[in-house]
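The values are calculated or read from the model by the stated rules, or taken from the named source; none is laboratory data. None of these values were measured; they are calculated from a predicted model. Glycine also receives a Cβ, built like all others from the backbone with ideal geometry; neighbour counts cover every protein chain displayed. In case anyone asks, the SASA skips ligands and DNA or RNA and just uses the protein heavy atoms, side chains included. Shrake-Rupley method; radii C 1.70, N 1.55, O 1.52, S 1.80 Å.
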Amino acid sequence: LVTILYKENIVYLHFQHTITLNIQHFNHIHFAAKRFVEQGKRLMKRQHLMGELEKSIEDKNERSKVLDGLLGYILSSTQEAAVVPPYVALAVRPNPGYWEFVNVNAEDLSVDEINVTGYLKFKEMIFDENWAKDENALEIDFGAVDYTTPHLTLSSSIGNGMNYISKFMSSRLISSSDKAKPLVDYLLDLNHRGENLMINESLSTVEKLQAALIVAEASISELPKDTPYQEFQHRFSEWGFEKGWGNTAQRVRETMRTFSEVLQAPDPVQLESLFSSLPNMFNIVIFSPHGYFGQEDVLGLPDTGGQVVYILDQVRALEEELLLRIKQQGLSVKPQIFVITRLIPEAQGTKCNLEVEPIVDTKHSHILRIPFRTEKGILPKWVSRFDVYPYLERFAQASAKVLEHMECKPDLIIGNYSDGNLVASLMAAKLGVTQGTIAHALEKTNYEDSDAKWKELDPKYHFSCQFTADLIAMNAADFIITSTYQEIAGSKERPGQYESHVAFTMPGLCRVVSGINVFDPKFNIAAPGADQAVYFPYTEKHSRLTKFQREIEELLYNKEDNSAHIGYLADRTKPMIFSMARFDTVKNITGLTEWYGKNKRLRNLVNLMLVAGFFDPLKSNDREEIAEIKKMHSLIDKYNLKGQIRWIAAQTDRYRNAELYRCIADSKGAFVQPALYEAFGLTVIEAMNCGLPTFATNKGGPAEIIVDGVSGFHIDPTNGDESSNKIADFFEKCNTDAGYWNKMSETGLRRIYECYTWKIYAKKLLNMGSIYGFWRQMNKEQKLAKQRYTEMFYNLQFRKLVSWPVQLLV
Ligand code: UDP
Ligand code: LCN
């Protein structure tokens, strides 16, 4: 597709369209390409390519002429280039989810289109030449076993899977020869502990069901709307109907009417509404193996952050929605939700050594803890999330215990994070249950070139296991829940977390030519919320938790350093900028400290208030945290921050934390989330719920939560000066415009109420469980083919990777 033609003074490049370059521009590009290859083999990212281009075409006008037009567009859409002199292989991403690969010869500027394998081989040449040349190197191609799944086509449709599934389902039902028979079979299968729901065997064909619905609908239309189902149950059962249609005459009638219409001519909107009312979901299992997972005193511990908050709030919201739906279906079933996590015998004062714990503010939901085991016994201590992989298979087997507690099979299994998703996949495949996955954060994009450099990083992070587990889970899942669009397909400039698994290579291990397709309709966006009973606006004076006032006063202003806080604020009248996070490198709390240290204007305007980790590196057993603690101390010294910074150790009480956010709002301060990358960012919505104007990273989820300049502000974590000046500008503006702070506080709150609540989330998730449950039945063969491929990958690859010797101190 790409050819090159020189004719007199003009160069014609053909790449989808013909690009015409005058010889001068051609020479510029030629010169730049030569610069790319001058330094030998290497991987170049977009910013490096652009940097080199700037150096080779110094004249700004000339540069913009060269960049203007299609060639410039291709270059600026290039995400990465594998330089193997004399070639420069480009990975071009014109739009989210769309990739093309071209190979440019820097000597004569000839250009060839290459396929994904060709591109990955170029990349491998940089890291492991022998492997790149191995004709039998292992290639993973999940796309090859995806032969019947329809895919979305537009980048803007990505993440809207459920809508498309309803469309695909209705057109399948219309076009299939036995019409709506699969729906009738599905209905026949619905039961609760063996008791039929909706219909029984006497209505086993479309015709019989249609006829019965006509009679029933007519008879019910004569009844008062609020007549309880029990009053006409007997008559209905004679016609072959069972419980589940509704609790009142009106609801039964609505469900029957929708069903009748769907049987006659299915349309996507009605199908979706029908599936949201069917009694097919009572028992849910949620996996989140790595600890600490608990309800008290765990937040802020290494690896224990938003995921735990998310799951506990999710369970509360799901239970509430389940109870509502069950009531509306006219049933008296008790729903059950079990969160399965790791039991840690040496629980460090937390309750993570308890086997079963009821979940606070729920009626029927529990945490069930199962220990990690090896053949030698139980693992007593916490281990980092990066080191859990060898324990997962046994953990999945032991999780069968949940069946004893539930006394039945679950209707839905949801995994969380790489470890939970793998275990969920194993259990769902074994039981034949619908599976949803949630990543929270896929680690791959958090560490540059973590795939290509896996060998170097594996001793510390075991990315080979994690990425393999991720691929297995993504492909096994019936649906994938994400918090934002960017999580799937990034933005115009940056690929998404899932998108980074479309094609990648781990030289020496495997070349993934098709890991996942972001146009797969299994992807759905359902953003979480923050518990609004806890995180409410600072203005709701009557609800403020005044009992924490003294503790918070001491936490913020006591001048003595102790184990809870160090540093002090000499000028209490200044507003505070506040940040709170686990002390991981990616959270960039030390970055924020450095920006603050360097920016005199900002230091004059505000104090810095941080909640993160410990102060003593000896107290931590987390590698990254230890490095961050040391860095923080050195920054405080380097910039002489004493008197302007307060560093508080990790906090575990969310009620007190919420009051802390509100106290910062009382100071007319702001929340700053400076992460190098943030998958979603619960602290961002907690702060906004409390009415704090918020500055958050433009790398990741917060870029979608906040509309820059409208409901908060974006900051660029890679440009500290710009970011700290943006914060300083805000506070300067607040000094001159008395209403500005309030305006930003209110617009932040408005954004939350419109888009980020748990109620919206719970409805969506239950609908997904229902619709994708039916979809998997309609696609049994396809599902099975993929499952066999996934199982093989698990057996031959994953098991081998997790066979490193594990420590066990019983
Ligand atoms: N958190 C906390 N104490 C701390 C640090 C964080 O309670 O010392 C809470 C915070 O309020 C939020 C969660 O942990 O609810 C962090 O979630 P987020 O999505 O911001 O980041 P994650 O830790 O999941 O990467
Ligand atoms: C993990 C993260 O890193 C955060 O960005 C999310 O907000 C959190 O999980 C909850 O999903």
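Summary table below
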{"read-out": "Yes/no for I760 being surrounded by fewer than 24 Cβ atoms within 10 Å (Cβ to Cβ), under 24 Å from L312 (Cα atoms) and either modelled with pLDDT of 95 or more or within 16 Å of ligand 2 (Cβ to nearest atom) (or both)", "value": "yes"}
{"read-out": "Checking L299 against (1) among the hydrophobic types (A, V, I, L, M, F, W, C); (2) within 10 Å of ligand 1 (Cβ to nearest atom); (3) in contact with a strand residue (DSSP E or B) (Cβ under 6 Å, 6 or more places away or on another chain), the condition it does not meet", "value": "(3)"}
{"read-out": "Residue under evaluation G244, criteria (1) within 22 Å of L173 (Cβ to Cβ); (2) open to solvent by 60 Å² or more (accessible area, probe 1.4 Å); (3) assigned to a loop (DSSP other than H, G, I, E, B), criterion not met", "value": "(2)"}
{"read-out": "Test result for A670, crowded, with 24+ Cβ neighbours inside 10 Å, away from ligand 1 (no atom under 15 Å from the Cβ), touching a residue at least 12 places away in the same chain (Cβ under 8 Å) and over 24 Å from K444 (Cα atoms)", "value": "yes"}
{"read-out": "Those residues of the range 578-610 which are polar (S, T, N, Q), touching a Pro at 6+ places or on another chain (Cβ under 8 Å) and farther than 17 Å from I626 by Cβ, in sequence order", "value": "S579, N607"}
{"read-out": "Wholly within the range 567-667, strands (runs of 3 or more DSSP E) carrying at least 3 residues that are more than 30 Å from P537 (Cβ to Cβ) and touching a residue at least 60 places away in the same chain (Cβ under 8 Å)", "value": "none"}
{"read-out": "Answer residue from the range 679-707, given it is modelled with pLDDT of 95 or more and near ligand 1 (Cβ under 8 Å from one of its atoms) and is farthest from G591 (Cα to Cα) among those", "value": "E686"}
{"read-out": "Residue list for the range 296-312, restricted to those being open to solvent by 30 Å² or more (accessible area, probe 1.4 Å), in a loop (DSSP other than H, G, I, E, B) and within 16 Å of ligand 2 (Cβ to nearest atom)", "value": "L299, L301"}
{"read-out": "Members of the range 700-717 found to be surrounded by 24 or more Cβ atoms within 10 Å (Cβ to Cβ) and within 13 Å of ligand 2 (Cβ to nearest atom), listed by number", "value": "G700, G701, P702, I705"}
{"read-out": "First in the range 766-779 and surrounded by fewer than 21 Cβ atoms within 10 Å (Cβ to Cβ), second anywhere and part of a helix (DSSP H, G or I) and acidic (D, E), Cβ under 6 Å, 6 or more apart", "value": "none"}
{"read-out": "Given (1) in a loop (DSSP other than H, G, I, E, B); (2) surrounded by fewer than 24 Cβ atoms within 10 Å (Cβ to Cβ); (3) away from ligand 2 (no atom under 16 Å from the Cβ), index of the condition L692 fails", "value": "(2)"}
{"read-out": "Qualifying residue in the range 313-326 (condition: in a loop (DSSP other than H, G, I, E, B) and within 16 Å of ligand 1 (Cβ to nearest atom))", "value": "no"}
{"read-out": "Failed item in (1) more than 16 Å from ligand 2 (Cβ to nearest atom); (2) over 20 Å from I158 (Cβ atoms), with Y417 passing the rest", "value": "(1)"}
{"read-out": "Members of the range 713-737 found to be free of Cβ contacts under 8 Å to residues at least 60 places away in the same chain and part of a loop (DSSP other than H, G, I, E, B), listed by number", "value": "D716, T718, N719, D737"}
{"read-out": "Of all residues in the range 436-454 being away from ligand 1 (no atom under 16 Å from the Cβ) and within 16 Å of the chain's Cα centre (by Cα), the one that is farthest from G490 (Cα to Cα)", "value": "G436"}
{"read-out": "Candidate set: the range 256-294, residues that are among the β-branched types (V, I, T) and open to solvent by 10 Å² or more (accessible area, probe 1.4 Å); chosen: the one nearest to W775 (Cα to Cα)", "value": "V269"}
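Listed here are the residues, each with its yes/no results for (1) outside any helix (DSSP H, G or I); (2) touching a helix residue (DSSP H, G or I) at 6+ places or on another chain (Cβ under 9 Å); (3) loosely packed, with under 15 Cβ neighbours inside 10 Å.
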position: V66; (1), (2), (3): no, yes, no
position: L75; (1), (2), (3): no, yes, no
position: A89; (1), (2), (3): yes, yes, no
position: F101; (1), (2), (3): yes, yes, no
position: E107; (1), (2), (3): yes, yes, yes
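Listed here are the residues, each with its yes/no results for (1) at pLDDT 95 or above; (2) hydroxyl-bearing (S, T, Y); (3) more than 14 Å from ligand 1 (Cβ to nearest atom).
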residue: H501; (1), (2), (3): yes, no, yes
residue: S514; (1), (2), (3): yes, yes, yes
residue: L569; (1), (2), (3): yes, no, yes
residue: A581; (1), (2), (3): yes, no, no
residue: D584; (1), (2), (3): no, no, no
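Yes/no matrix, rows are residues, columns are (1) within 16 Å of ligand 2 (Cβ to nearest atom); (2) among the acidic types (D, E); (3) within 24 Å of the chain's Cα centre (by Cα):
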residue: M580; (1), (2), (3): yes, no, yes
residue: D584; (1), (2), (3): yes, yes, yes
residue: I589; (1), (2), (3): yes, no, yes
residue: T593; (1), (2), (3): no, no, no
residue: L605; (1), (2), (3): no, no, no
residue: M609; (1), (2), (3): no, no, no
residue: G613; (1), (2), (3): yes, no, yes
